[in-house]
Amino acid sequence: MQWGPGENAGFSTCVPGLLSPPVILDHGYGPRDVNVEAQRGDRRSLWHWMRHLISVRRSRPVFGRGSLEVLDLENRHVLAFLRELGEERVLVVANLSARPQEVQVSLPEGSAFSALVGEAEIEATGPAGRFSLEPHGFAWLSLERNERRRGSAQRAPALEGAG
């Protein structure tokens, strides 16, 4: 992403033709339209959405250091995996399709979940979670070893206007 709306998009003070690769100048994608400077002032921007995702990721070491178990699902358009580090467990569910998808994921015995981030309709019933995912939608969920949220439906929190 370009840094600013000015010449060379804030990357350099050299002659514009000498940048390699050159700055994107296409209408709608050029530095006057898309740049960090402008997005920092818009709470609903891609820049803020990415900062939020990075913040959640950094707050949970399990994402980078935990064991990884890819779950076998019937719906091949959806990727789901479980990360585990010590007592912390995170379930990630992602729709890799350009169409809405539904999938059922078996949850570890005695698990309840709380949504961390993403956009999905989630219903937990018994030992499974049923997910309705928008095109390219996803959810990151913290799995807890208790029954307090079992049987409830919820929506993973999303940053307003992002996705």
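The values are calculated or read from the model by the stated rules, or taken from the named source; none is laboratory data. It should be emphasised that the depicted structure is a prediction, and the values quoted were computed from it without experimental measurement. Cβ atoms come from the backbone with ideal geometry, glycine included; neighbour counts cover every protein chain shown. SASA here: full protein model, heavy atoms, side chains in, ligands and nucleic acids out. Shrake-Rupley method; radii C 1.70, N 1.55, O 1.52, S 1.80 Å.
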**OP:** Of the conditions (1) farther than 30 Å from Trp3 by Cα; (2) under 13 Å from the mean Cα position of the chain (by Cα); (3) among the aliphatic types (A, V, I, L, M), Ile54 clears all except one; give me its number.
**Re:** (1)
**OP:** Being more than 21 Å from Gly137 (Cβ to Cβ) and modelled with pLDDT of 95 or more narrows it down to one of Ser59, Ser67, Ser20, so name that one.
**Re:** Ser67
**OP:** Could you run through the stretch 75-99 and say how many residues are of a type outside the set (A, V, I, L, M, F, W, C), open to solvent by 40 Å² or more (accessible area, probe 1.4 Å) and part of a strand (DSSP E or B)?
**Re:** 2
**OP:** Residue by residue through the stretch 13-47, note down the ones that are part of a helix (DSSP H, G or I) and in contact with a helix residue (DSSP H, G or I) (Cβ under 8 Å, 6 or more places away or on another chain).
**Re:** Pro16, Val36, Glu37, Gln39, Arg40, Leu46, Trp47
**OP:** Give me a count of the residues in the stretch 112-163 that are at pLDDT 60 or above, open to solvent by 60 Å² or more (accessible area, probe 1.4 Å) and under 22 Å from Ser55 (Cα atoms).
**Re:** 1
Subject >> Any chance Val36 is among the β-branched types (Val, Ile, Thr) and touching a Lys or Arg at 6+ places or on another chain (Cβ under 6 Å) >> reply: no
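Go through the stretch 2-12 and report how many residues are touching a Leu at 6+ places or on another chain (Cβ under 8 Å) and assigned to a loop (DSSP other than H, G, I, E, B).
2
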Subject >> Counted residues, the stretch 2-60 - those being on the phi > 0 side of the Ramachandran plot and either open to solvent by 50 Å² or more (accessible area, probe 1.4 Å) or free of Cβ contacts under 8 Å to residues at least 24 places away in the same chain (or both) >> reply: 3
